[in-house]
Every structure is written in C-alpha cells, then in structure tokens.
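The values are calculated or read from the model by the stated rules, or taken from the named source; none is laboratory data. In this text, all values refer to a predicted model and were calculated from it rather than measured experimentally. Backbone-built Cβ (ideal geometry, glycine too); neighbour counts: all protein chains shown. Remember, those area values only see protein heavy atoms, side chains included, never the ligands or the DNA or RNA. Shrake-Rupley method; radii C 1.70, N 1.55, O 1.52, S 1.80 Å.
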Amino acid sequence: MMSWVTFENFYFLFLVAITLHNLEEAVFLPDWSQQAGRWHRPVEKIPFRFAVLVLTLLAYLCAYLGLMGGKQSIGFTFLGLCLRHAYQCFLPHLLAAVWLKQYVPGLGTALVLNFPVCSGLLVLLYQEEYLSFWPLVILGTLFAAGSIPLIRLLFRLGKRVEEKLWD
C-alpha cells in the first residue's frame, strides 16, 4: 500500500471533497433549481444554504469522531455518509445532467472529488476488514433514505432563520 493511503489522509480528503462539493451546490443550485422543472423543486437561497452548512458541519463531526476514535470506532453514520456521497454522484447528479442535457450544480465536484475519495475510503476500510459488503450497502441505503427527512427539517429551520433575519 502506498504510504499516503492512510485513514487520516482519507478523512482529510473527505472533508475537503464534501466542503467543495457543498460550496458548489450552495452557490449555484438555488438559481439552477428555479428552472429545473420536474427534476428538482425550486429552493430558496437562505434555507438551502443553511441546510448545506449544517450538513457540512455534521460531516465534519462524523469524520472527527471516527478519526479520534481510531479505525476500530468508525461509526455506521460515517460509513453511511461516505457511501451516500459516493453514489450521490450518479443519482441525482449524473442522471439529472443526462436527463436535462445540461450541467447540474454539484456534478463536477461529485465526480472529481466525492466519488474517488469516498470510494477510496470505503475500499480501504473493506480491504482492512473493518466492514463487509452487504451491511454497508444496506446501511448506506438506510442512511440515504433517512437523510431525506433531515434535509427537509433543515430547510424548514433555514426558512425560520431567514424570517428571523428579516424581521
């Protein structure tokens, strides 16, 4: 194994990838969503950016807890987060771009950063026998499905934040 391929390096790369991806979406997705039609409902800038900020901070927290606890403590939440970001490259980003025949905000960073970093981390964890395939797939699917209500809640909270800012 190459000397730079360590859990610590992958955790750092994960944080860089997620941050840049979320920044791309926070800047460009609200305006894009206004014309995306049935593919993506329109989102308002402040509630969306609030949700993205909180999700980014949660990713940092998950990575920090996993890193501080060592390889043996890698939590299911972090594994689910990695898997979700790895396959999020294809659904919705790549599928939406193909369907709409246009660039979808987040596609570039998802394909160039999120997929290789998250996939590499998951492969490393699998090779080191810290996870097995089917539990990870099931967990990742449940995590992705469970994140939908969280995102909706964050949108509502972001709307309240926006209302408080403009009172």
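Seen against the Cα atoms of the chain and their longest principal axis, helix 115-127 is set at about 30 degrees. For the stretch 82-167, applying the loop criterion from DSSP together with a ceiling of 13 other beta carbons within 10 Å to the trypsin sites (Lys or Arg not before Pro) yields LYS101. Here the sum of -39500 (n - 2.57) over DSSP H runs of 4 or more residues, divided by the residues of the chain, equals -24000 deg cm²/dmol at 222 nm, to the nearest 500. The residues of the chain expose, per residue, 59 Å² of accessible area to a 1.4 Å probe.
Think of the chain as having a plus end and a minus end, set by charges on the Cβ of Lys, Arg, Asp and Glu; of GLN88, LEU157, TYR103, LEU157 sits farthest toward the positive end of this dipole. Work out how much length GLN34 to GLU162 would gain on full extension: take 0.36 nm times their residue separation and subtract the Cα-Cα distance, in nm to one decimal. Extra length from GLN34 to GLU162 when fully extended: 44.2 nm.
Summarising the label geometry, the points placed 7 Å from Cα in the beta-carbon direction at LEU53 and ASN9 lie 3.4 nm from one another.
The GluC sites (Glu not before Pro) found in the stretch 101-167 that occupy coil by DSSP, while having at most 14 further C-beta atoms within 10 Å, are GLU128, GLU129.
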